1. Let me spell it out: the conditions are (1) without any contact (Cβ under 8 Å) to a residue 24 or more places away in the chain; (2) acidic (Asp, Glu); (3) surrounded by 11 or more Cβ atoms within 10 Å (Cβ to Cβ), and ASP66 meets all of them except one. Which number is the exception?
2. Just name the residue that is farthest from LEU158 (Cα to Cα) out of those in region 198-234 that are modelled with pLDDT under 75, of a type in the set (Lys, Arg) and surrounded by 10 or more Cβ atoms within 10 Å (Cβ to Cβ).
3. Taking interchain pairs and intrachain pairs at least six residues apart, which have beta carbon atoms under 7 angstrom, with the first residue in region 8-21 and more than 15 Å from ILE42 (Cβ to Cβ) and the second in a helix (DSSP H, G or I)?
4. Got a number for residues in region 68-121 being modelled with pLDDT under 55 and of a type in the set (Lys, Arg)?
5. Name the residues in region 122-156 that are of a type in the set (S, T, N, Q), modelled with pLDDT of 90 or more and assigned to a loop (DSSP other than H, G, I, E, B), would you?
6. Go through region 1-45 and give me each residue that's within 41 Å of the chain's Cα centre (by Cα), among the hydrophobic types (A, V, I, L, M, F, W, C) and in a loop (DSSP other than H, G, I, E, B).
7. If GLN38 passes every condition in (1) over 25 Å from VAL1 (Cβ atoms); (2) surrounded by 10 or more Cβ atoms within 10 Å (Cβ to Cβ) but one, which one does it miss?
8. Can you find a residue that is closer than 30 Å to ALA92 by Cα, in a loop (DSSP other than H, G, I, E, B) and of a type in the set (S, T, N, Q) anywhere in region 52-64?
Amino acid sequence: VHDHPVAEPIRWTISVGELIQANGRGRGVNRSAADPLQIDLITDVVLPVTVDELLDWPDLVPTRRDIMASRGVVLDNAADMARCFPDLWESADAARQDRRRSVTNGYYRSLYNSEMSHSSALVIYQPEGAGQKPRRATFDLTLVPDPEPWLAERLGALALCQIETPSDACTVATAERGLRQSAPSPSGNPAARLAVLSERLTVAMQTSLARHGPRLAALSERLRQAATAQTPSRRCDGATNGRQPLEVRDDDRNENDSL
């Protein structure tokens with residue numbers, strides 16, 4: 001508080017009044033209990049408002065895991081964390097120790113559960129090599145649209161990369177629920193039972209495609225690339241690539257060849 005009777009209103013208008021005015025920018029009067037407005041006051045100025053929760057600044061400072069999540073990726077494996085984010089962890093041991101002693105604070109945990117989950121995907125991946133095991137990761141597809149090349153660029157070739165988005169999980173659950181509900185009744189005419197069985201088969205195929213579609217597509221692409229790389233190029237100089245040339249006998253020729 002300023003001692004001068006003229007300076008104090010000016011100070012209050014600048015340091016307090018503008019903060020109070022900023023709270024009204026969210027138009028909380030237009031909200032309801034179904035969609036409440038959350039206002040975060042990052043200040044040490046005491047305002048004439050009711051505060052629901054008070055946090056110290058150290059509790060709001062993002063951890064290295066929070067910074068990793070802000071880039072659209074949350075890895076579980078400590079060694080992969082160090083390889084993918086060397087600016088955050090200098091070694092796998094550092095990432096492992098950091099993971100043990102750091103707990104994501106409530107502010108950023110709500111970020112994971114709300115903003116990230118709308119476009120997130122669970123990824124099960126496994127780098128190639130002896131002793132490698134499957135690992136889990138979560139990707140924000142708005143920041144990293146294609147997780148497989150992102151992982152391969154940093155970890156090398158992958159033996160497994162299975163991506164499951166929330167929509168895929170919903171499709172699988174819906175299909176499985178329909179499969180259970182469409183069980184044929186012992187009674188009824190054969191045509192009706194055949195129709196129910198046909199529907200069950202369709203639902204089972206949709207379930208399988210929704211669950212294994214991304215993995216099958218990735219495997220198909222790898223097989224195509226492998227087949228292209230192994231296909232010998234044809235040459236016009238008579239080369240046989242180490243094989244014996246095909247010998248055509250006269251009695252195998254078509255009669256029209258003599259014309």
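The values are calculated or read from the model by the stated rules, or taken from the named source; none is laboratory data. None of the values given here were measured: they were computed from a predicted structure. All Cβ positions, glycine included, derive from the backbone under ideal geometry; neighbour counts span all protein chains shown.
1. (1)
2. Selected residue: ARG200.
3. So the pair list comes out empty.
4. Qualifying residue count for the region: 1.
5. Within region 122-156, GLN132 is the sole residue that qualifies.
6. Here is the first cut: in region 1-45, the ones within 41 Å of the chain's Cα centre (by Cα) are 18-45.
Now restrict to residues that are among the hydrophobic types (A, V, I, L, M, F, W, C): 19-20, 22, 29, 33-34, 37, 39, 41-42, 45.
ALA33, ALA34, LEU37, ILE39, LEU41, ILE42, VAL45, listed by residue number.
7. GLN38 satisfies every listed condition except (2).
8. Restricting attention to region 52-64, the residues satisfying the condition of being closer than 30 Å to ALA92 by Cα are 57-64.
After this cut, where a residue has to be in a loop (DSSP other than H, G, I, E, B) as well, the list is 61-63.
Cutting the leftovers down to of a type in the set (S, T, N, Q) gives us 63.
Within region 52-64, one or more residues are closer than 30 Å to ALA92 by Cα, in a loop (DSSP other than H, G, I, E, B) and of a type in the set (S, T, N, Q).
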